């Protein structure tokens, strides 16, 4: 049997596509969060890896948060269409950003 046919029939290709759309949603949320200056995972990173530059924390947050948001939203929400995948990425990454912002605000 042709490997491409197996790949398409298994639904794996569709799942990969939906995962990528979810990741795009998470990236959009990450880009928009830069205007609100939310903390995301920066407080966690500062505790786990102290002494890094501010730029390092911003870059690490920009990489980690969309990945974490994508994985969580894809597992928890199980999106089945492009719309639900995009919304899943937008909402979970935004929720994680807001959670980090709320924790930092309460400490102040």
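Numbers for the structure displayed
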quantity: Point-to-point label distance, residue 80-residue 49, nm (Cα→Cβ direction, 7 Å offset); calculated: 3.9 nm
quantity: Principal axis box of the chain, alpha-carbon based, largest edge first, Å; calculated: 59, 25, 21
quantity: Angle between the chain longest axis and helix 12-36 axis [Cα atoms, degrees, rounded to 10]; calculated: 20 degrees
quantity: Degrees separating the helix 54-77 axis from the principal Cα axis of the chain, which is the longest one; calculated: 40 degrees
quantity: 0 to 90° range, to nearest 10: angle between helix 82-107 axis and the chain longest Cα axis; calculated: 20 degrees
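Bear in mind that the values in this text are calculations on the coordinates, not laboratory data. Computed from a predicted structure; not experimentally measured. Note: ideal-geometry Cβ built from the backbone for every residue, glycine included; neighbour counts use all protein chains shown.
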